[in-house]
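Computed from the coordinates by the stated procedures, all read-outs in this text should not be read as laboratory data. Quantities reported herein were computed from a predicted structural model and do not represent experimental measurements. Cβ sites come from the backbone with ideal geometry, for glycine too, and all protein chains shown count toward neighbours.
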Amino acid sequence: MLPAAMPGGRDSTEVSKLATGGQAPLVMLVDDDLAIAEMYMLGLEHAGFRVRLLADAQALFRALAEEVPDILVLDWQLPGMSGAEALELLRRDGRGATLPVFMLSNYLGDQNGGVDRVFAAGALAWLRKPLTPPSVLAERLTEALSARRRNTA
C-alpha cells in the first residue's frame with residue numbers, strides 16, 4: 001500500500017475527494033516522450049489520479065471520443081501538430097470546450113507568442129518540465145480541480 005502523504009504536505013485523500021462516480025479523477029497526459037510521460041504517470045497515480053498516456057494529438061482526439069477526462073496535460077511539441085494547435089481544436093470541440101488544460105513542456109514558449117497563444121485558448125498554466133516534478137504537477141492539478149468543483153457547486 002502506498003503512503004497517503006505526498007511531498008508538499010498534500011495527501012491522496014484530497015484527490016479522492018474530487019472523485020466523480022466513485023472513480024479517481026482522470027488525467028489525460030499527451031507527450032511523445034514515453035520515458036517522461038511514464039515518470040509523470042507514476043507520480044500522478046501515486047497521488048491518487050487515474051492517468052491515460054497519449055503520444056500525440058490524433059490519439060487525444062480518438063480518446064476523447066471514448067471518454068472525456070477531468071483534466072488534460074499537453075506537451076507543446078507533439079508529432080503532427082503542436083500542443084497549441086491541439087488546444088485550439090479542442091476548444092472548438094463540444095467535449096473539450098471547458099476542459100481544464102495544463103501545458104507541460106521543455107519549450108520556453110516565449111518565442112512567437114506561444115505562451116500567449118495557449119492562454120488565449122484557455123490553458124490554466126504553462127509548466128516547465130525541468131522545474132515541475134510529478135508531485136508538483138499533482139498538487140497543481142488537485143488545486144485546479146478543487147477550484148473548478150467550488151466554482152460549479
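General remarks:
- Residues whose placed amide H lies under 5 Å from that of LEU78, excluding near-sequence neighbours: GLY83
- Residues whose amide H falls under 5 Å from that of ALA125, counting only those 5 or more places apart or on a different chain, are MET103, with hydrogens built in the peptide plane.
- Cα point-scatterer Debye curve for region 12-145, base-10 log of I(q)/I(0) at q = 0.09, 0.13 Å⁻¹: -0.22, -0.48
- Neighbour counting of Cβ atoms within 10 Å sorts the residues TRP126, TRP76, fewest neighbours leading, into TRP126, TRP76.
- A Cβ-based charge dipole, computed about the Cα centre of region 12-145 with Lys and Arg at +1 and Asp and Glu at -1, lands at about 240 debye.
- Total formal charge among the other residues, if their Cβ is under 15 angstrom from that of ARG95, Lys/Arg +1 and Asp/Glu -1: -1
- Nearest-0.05 FRET efficiency for GLN23 and ASN151, computed from C-beta distance (R0 22 Å): 0.55
- Relative contact order (%) - region 12-145, alpha-carbon pairs under 8 angstrom, separation at least six: 24
- Within region 119-153, backbone nitrogen closer than 15 Å to the virtual label 7 Å beyond the Cα of GLN77 toward Cβ: 128-130
- Applying the Karplus relation 6.51 cos²θ - 1.76 cosθ + 1.60 with θ = phi - 60° to region 44-60 yields 3J(HN,Hα) values of 5, 5, 4, 7, x, 8, 8, 10, 10, 8, 9, 8, 7, 5, 4, 5, 4 Hz, where x marks Gly and Pro.
- Neighbour counting of Cβ atoms within 10 Å sorts the residues GLU45, GLU38, fewest neighbours leading, into GLU38, GLU45.
- Per-residue 3J(HN,Hα) values for region 122-132, derived from phi via the Karplus relation 6.51 cos²θ - 1.76 cosθ + 1.60 with θ = phi - 60°, read x, 5, 7, 7, 10, 10, 8, 3, x, 9, 10 Hz in sequence order (x marks Gly and Pro).
- Remark: region 137-143, residue by residue, has Karplus-estimated 3J(HN,Hα) of 4, 4, 4, 5, 5, 4, 4 Hz, where x stands for each Gly or Pro and the curve is 6.51 cos²θ - 1.76 cosθ + 1.60 at θ = phi - 60°.
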